[in-house]
Number of protein chains: 2
Amino acid sequence: MSNPVLVEVTRGDLVESRHRGALAILDADGASVVTLGDVARPVYPRSAVKALQALPLVESGAAEALDYAPAELALACSSHNGEPVHVNAARVMLMKAGLDEDALECGPQWPRLEADRRALHLAGEEPSPLHNNCSGKHAGFLGLARVMGAQTRGYVKADHPVQQEIRAVLEAMTGAAHGQDVCGIDGCSIPTFAVPLTGLARAFAVFATGEGLEAGRAGACQTLYEACTANPHMVAGTGRFCTDVMTAFGDRVFVKTGAEGVFCGAIPELGLGIALKCDDGGTRAAEAMMAGVISALLEADEDQAAVLKGFNGAPVATRLGVVAGHVRTVDGFAQMVRT
Amino acid sequence: MSNPVLVEVTRGDLVESRHRGALAILDADGASVVTLGDVARPVYPRSAVKALQALPLVESGAAEALDYAPAELALACSSHNGEPVHVNAARVMLMKAGLDEDALECGPQWPRLEADRRALHLAGEEPSPLHNNCSGKHAGFLGLARVMGAQTRGYVKADHPVQQEIRAVLEAMTGAAHGQDVCGIDGCSIPTFAVPLTGLARAFAVFATGEGLEAGRAGACQTLYEACTANPHMVAGTGRFCTDVMTAFGDRVFVKTGAEGVFCGAIPELGLGIALKCDDGGTRAAEAMMAGVISALLEADEDQAAVLKGFNGAPVATRLGVVAGHVRTVDGFAQMVRT
């Protein structure tokens, strides 16, 4: 079965490249509102479920015990640029748990922005695990391990109590079994479990509305939802989709990207969760799709529309800035999403 | 019509992402040896035809008049990393034509390797057009303009004599009309004309064998073929597919990548030209496909096989270097190519 072409990249009068994908929009009861393509095939959500992976940290009371601020909780849900504000917040989260960067098991990563790379070069430094886009998530894992009284070393392993807690929450939220047969290793060394897009979409509808959850988990969802939408710069950073869209829409929209073309999101006023994957793993296409979904489902003011157009209708430019083409969803995409 | 999945990216036991594409292998008479997918659809070849775009420079005698060395001719066919050796060679090419980097109209680009970025940062410098991966090609265009007695300014425009010469050669070599209807602007500001993969494959079979060409053009093809295969580091650089494969195979294989998942190549001992495009523009998939084609068509020794395996079977690793999956052509790909 072949998923539909959902995004085209144009150059001149021609379509230069095509991205296929699948999309699921569900409510918290698990009712499908829209599905495009094969939404039953298990998909590794990668970083798109970081907010769900942070639930045990909040629900257990560990975040409160460690006095994590909302901006720090947003960082726990982030794939950040490794800007100084992100690095510093991750360091503070570790300090609050009595730890430092040596406890991180995510590996080092160069910061995303050239200015931050320059700063490292001028200081004669290499990137540290604090610069890893997942350092906030890992700091949260370590905080949880400390409050649980678990060993911190090996917190990335599937059989560690922290990962077991996370797995249980992910299974409950997505309704999908998280077995060894659908388990891969994520880029930051933790397990990632493949889940159908329908399960992911439902999970985010529940995350954003709290519907059907017992009070403790509903409160944790609300705390993380508010932390992310109130601190969008902490969720990604300068020039990034998640940051720009949540800055523009405030608490009306939650979005979170994952590697290999995955995107999850929620629009609580409509009671909807969204999950999509670009077949080929293309981030530009996943961003165009998610921007297309949001414009199809929500009235956007001029500024909000401009932000969405920057991703669905993004210019393909020459190195001198001349527009040579565009990245955009296919004709009729909005109608497909509104059906 | 839907092109076949040719490359899969695995993680754990699952396929995480899928790349579709089309592939044409032809001889110099234009006979199709293998076609997969829609090989009639026009495809912007982008940088994959740089060696053909350099033909007027050599055929006109301009390269000889300017005393361009083989390594400089290889740079004229390159998409380079912006390493010092590339930047210096581009500067020398311009000097030989009585010009400097101010004549370049390709725009600036950061070097690809972190070490070269570091050097710029430590020197307090920004990248220049010499660092642009196309600077060698542009230096060659400028050299040709000077020897032709044409104005150098505006040499990137479709109506400039240099671009007109290149268009005529591309039409002759590919057998495809290069009209306004298939013209886009490339990232370095020059025109790029969409051509069916069959036309591109035939062009490279002709390029590598000289079959059917009059002596002047055949000689220019041979000069450029030898320049590239004898100076593979100048065609791309450290860690790059084109450099590594041509280093391993010597003059038995010519390969050249283009943006948006295009690859062209030739195997003269088999009399074959190769052209492929990954539908979604993915470079990792185009590289896996081209490596898969070469392994299917040529006996490879252990070192050559290891180089190809680095691209077709490339590990997907965590930031700590643990192998989480692979990028590889689909089962049966070699059989499809050998048919």
Leading residue by the ranking (farthest from B:Asp244 (Cα to Cα)) among those in region B:72-109 that are open to solvent by 30 Å² or more (accessible area, probe 1.4 Å) and in contact (Cβ under 8 Å) with a residue 60 or more places away in the chain: B:Glu105
If we ask which residues in region A:95-109 are among the hydrophobic types (A, V, I, L, M, F, W, C) and within 11 Å of another protein chain (Cβ to nearest Cβ), their number turns out to be 2
Within region B:189-268, strands (runs of 3 or more DSSP E) holding 1 or more residues that are under 30 Å from B:Gly154 (Cα atoms) and of a type in the set (A, V, I, L, M): B:254-258, B:262-267
Residues that are under 21 Å from the mean Cα position of the chain (by Cα) and hydrophobic (A, V, I, L, M, F, W, C): which strands (runs of 3 or more DSSP E) entirely in region B:1-99 hold 3 or more of them? B:14-27
A:Arg240 is checked against (1) open to solvent by 20 Å² or more (accessible area, probe 1.4 Å); (2) within 14 Å of another protein chain (Cβ to nearest Cβ); (3) basic (Lys, Arg); (4) under 22 Å from A:Val43 (Cβ atoms) and fails just one. What number does that condition carry? (2)
Within region B:31-67, residues touching a helix residue (DSSP H, G or I) at 6+ places or on another chain (Cβ under 8 Å) and at pLDDT below 95 come out as B:Ser32
Evaluate region B:203-218: report whether one residue or more is touching a Ser or Thr at 6+ places or on another chain (Cβ under 9 Å), at pLDDT 95 or above, within 14 Å of chain A (Cβ to nearest Cβ) and surrounded by 24 or more Cβ atoms within 10 Å (Cβ to Cβ). no
What are the pairs with Cβ atoms under 6 angstrom where one residue, in region B:312-339, is without any contact (Cβ under 8 Å) to a residue 24 or more places away in the chain and the other, located anywhere, is open to solvent by 30 Å² or more (accessible area, probe 1.4 Å) and outside any strand (DSSP E or B)? Sequence gap at least six, or different chains. B:Arg319/A:Gln109
Could you grab me the full set of residues in region B:112-140 that are of a type in the set (A, V, I, L, M) and farther than 20 Å from B:Val92 by Cα? B:Leu113, B:Ala115, B:Ala119, B:Leu122, B:Ala123
Being out of contact with any Lys or Arg (no Cβ under 6 Å at 6 or more places or on another chain) and surrounded by 17 or more Cβ atoms within 10 Å (Cβ to Cβ) is the filter; apply it to region B:313-325 and report the residue that is nearest to B:Val253 (Cα to Cα). B:Ala314
Which of the residues that make up region A:176-188 are touching a residue at least 12 places away in the same chain (Cβ under 8 Å) and outside any loop (DSSP other than H, G, I, E, B)? A:Val182, A:Cys183, A:Gly184
Which residues, taken from region B:15-44, are open to solvent by 20 Å² or more (accessible area, probe 1.4 Å) and acidic (Asp, Glu)? B:Asp27, B:Asp29, B:Asp38
Top-ranked residue of region B:269-313 - restricted to ones that are part of a strand (DSSP E or B) and within 14 Å of chain A (Cβ to nearest Cβ), ranked as nearest to B:Ala28 (Cα to Cα): B:Leu276
Positions within region A:45-71 being open to solvent by 20 Å² or more (accessible area, probe 1.4 Å) and among the small types (Gly, Ala, Ser), in sequence order: A:Ser60, A:Gly61, A:Ala65, A:Ala69, A:Ala71
Across region B:9-56, what is the total count of residues that are under 29 Å from B:Gly136 (Cβ atoms), more than 14 Å from every other protein chain (Cβ to nearest Cβ) and not hydrophobic (A, V, I, L, M, F, W, C)? 3
Can you name the helices (runs of 4 or more DSSP H) wholly within region A:110-175 that have at least 2 residues being open to solvent by 10 Å² or more (accessible area, probe 1.4 Å) and within 12 Å of chain B (Cβ to nearest Cβ)? A:114-122
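The values are calculated or read from the model by the stated rules, or taken from the named source; none is laboratory data. Every value quoted in this text rests on a predicted model; they were computed, and no experiment measured them. When we count neighbours, we look across all protein chains shown, and the Cβ atoms used for this are built from the backbone with ideal geometry, even at glycine. SASA here: full protein model, heavy atoms, side chains in, ligands and nucleic acids out. Shrake-Rupley method; radii C 1.70, N 1.55, O 1.52, S 1.80 Å.
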